[in-house]
1. Expected output is a single nm value to one decimal: the length gained when fully extending between Met203 and Ala574, i.e. 0.36 nm times separation in residues minus the C-alpha distance. What is it?
2. In straight Cα distance, which lysines are under 29 Å from Lys644, not counting same-chain residues fewer than 8 positions off?
3. I'm a student and want to see the number: the projected area of the Cα convex hull of the range 161-317, averaged over all directions, in nm².
4. Using all C-alpha to C-alpha distances in the range 524-652, build P(r) with 10 Å bins and read off the rounded percent in each one.
5. For the range 310-369, take N as its residue count and report Rg(C-alpha) divided by 2.2 N^0.38 Å.
6. For the range 559-600, how big is Rg over Rh, using alpha carbon atoms and the Kirkwood form of Rh?
7. Could you compute how fast the range 403-524 diffuses translationally, taking Rh as the Kirkwood radius over C-alpha pairs and applying Stokes-Einstein at 20 °C with viscosity 1.002 mPa s? Give it in µm² per second.
8. Can you find, among Phe534, Gly438, Ala461, the residue farthest towards the positive end of the dipole of the range 429-559? Put +1 on the C-beta of Lys and Arg, -1 on that of Asp and Glu.
Amino acid sequence: MNTPNRTDRDPTPDAFPAFGESLRDVSVPQPQVAIAGGAVSRSKKSRRRTGGSTAHWGLFSIVMWSLVTGGILSVFSGVLGCRASRAIPETVGNDTTRIDAIMKQVDAGAPPSEMEQITAAETAPLPPITIRDADSLENAEYFDLTLADTIRIALSNSEVLRDLGGTVLRAPEQLTTQQTLSLVQTDPQAGIEAALSAFDAQMYAMGKWQNNDRQFNNRFFGGGANSFQQDLHDYVFQTTKRTATGAEFAIRSITDYDANNATGNETPSAWQTQWHAELRQPLLRGGGLTFNRIGGPAALPGVYNGVLIAKTNNDISVAEFRRDARNYVSNVINAYWDLAYAYRDADARAEALERSRLTWRSYEAQKTSNRRGGSAEALAREQYYRFKSEYQDAVAGKLVGRTQVNNASSGGTFAGIGGVLATERRLRLLIGMPVSEGILLRPVDEPITAPMVFDTESLTAEAIRMRAELQQQRLLIKRREMELLAAKNFLLPTLDLISTYRLRGLGKDLTGSDSAFDEIADMDFQEYEAALEFRMPVGFRQAHAAVQNAKLQIARDRAVLDEQQRQIIHDLLAVIAEADRAYALAETSLNRYLAAKDALDALEANREAGLPISLEQLLDSQRRLSESQTRYYLAVTEYMVAIKNVQYETGTLLENTQIMVAGG
């Protein structure tokens, strides 16, 4: 066919990138050596069968082909992206209603919406219970909680894993939430689905229509005429698929319609169609299951985002989530025992206050009756108000000190201060209950007072196996090892095998008898093309740097793992020793309390019997009894926290509280 303004078209149109171009490596500033293999083509027949065609049938074929093309594209659009049509008003129609509404709120400082204001009004907390309302805890209303119920409530109300350090305001992006794992899994750049999408089939379609009308000074360039007129249509449909071995398959259809007034034409218009089946297979760099599963098709030295890397990153995120969930549960347990101790401490100080009140009233009565003992009454009164101030602190508490993760130890060292009301508000904050609702939470679980013996050897082995930090670091090392394998692939030159099989058809019509498709079906004109493409950077400088960097990363991460194991073993032995210390101190404090109680009882009995006693000794005995009682409760609570910390250090805290992490 005579087409004076173009030669036989390349199977790949200019508007579409060369097949396999994405596999070519980014050039580095080094000398390059490139060798391209030759192409071989063959044709079963050297002559096309063409027949006459009228302009009417040519125009009819154009219309029909356009309708078929539009129908095919519509079907694919509906199947592959039916929801995309919702964005058409905002793209093609330039509808800015939604973005204008959003920007209006941005310009106003993003005030709360009407629904948020209604919700805030409905959930507004009651005024907090303060020392003015609860000078005595006897008349307060309580909601009794076991530790198991507290953890259950906390997990039911914890879309966000809270802490007591105000991270939600200082660094909200660092908070772990229920969406954390889903965000990692659905990351469109580094998630598993993103890595798998590199192997999805890709569809490409292009339609181009031209009308040429020009004059030539030379009849040879005008196809035998000085004036050349032409209607030219091009249609390309292509589907490509990349495999796990790095190969890329393509099935391509190229069809063009050409109607012109060249005098050498057999027919005024003709359809030409080509069907291609193409394969590009990397034989060295970029080829093989190992590299493509680790690095992915678009990998560069040091940049790997294959399926296995994405899966490992997901598992690392699960380990991080387990760590954060463990820290949250540990803080809830800490806050529970903080509050339990606060109640015991307040009870002990209430008893001391009542004893000192009776002593003061007794000496006040003596002073009133015989007008003597004024100094004794003043000393008794001073001790009463001293105990009252301590009781008020034990009830109200201060905004200082709390037992939380990483205060002096990994699982938290018992602080032992805070007061009932302040500690109760902190527990409410942690477990997601209203900060104030007129009812006081009260722990009812009794602390363990029996000795516990820990098997250091088995606990150490369990900690090495179960700790989330070690799991995370070991997964990171495995990822580094895979990255090293991928980096070594870049030490190979690029050698790609390219193979193309092509069928051709030419006819006055696209379909029907004596048409382009009819000739394709006869398979009279077949072509085959094969090529080898070679490329190699001289020196492989970047690839060697990537391999060395990967080895150094592995060495560093293994050193960190060893140090983490040493730290965990140290912390585990420390909390085991702390548990033994707390239990021994609890026994000693109990004996001290009993001795102080016996001494005070003896002095009270002598005073009630009318025997002379030393006031200073009586007041000192009262102080000693109150201090020893508080110290005993403190040691018992420290013992409970230490037992919990043993579970924390061994990595079994979640299992011991019957908590499972989905996906873990």
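Since every read-out is calculated from the coordinates, none of them should be taken as a lab result. This structure is a prediction, so every number in the text was calculated from the model and none was measured. Every residue, glycine as well, gets a Cβ built from its backbone with ideal geometry; the counts of neighbours run over all protein chains shown.
1. 127.4 nm
2. Lys398
3. Computing the convex hull of the Cα atoms and averaging its projections yields 16.7 nm².
4. It works out to 11, 18, 14, 12, 11, 9, 7, 6, 5, 3, 2, 1, 1, 0, in whole percents.
5. Working: Rg = 25.9 Å, N = 60, 2.2 N^0.38 = 10.4 Å.
Here the answer is 2.48, to two decimals.
6. With Rh from the inverse mean 1/r over Cα pairs, Rg/Rh is 1.43.
7. Numbers: Rh = 23.8 Å.
Value of D from the Cα-based Kirkwood radius: 90 µm²/s.
8. Ala461
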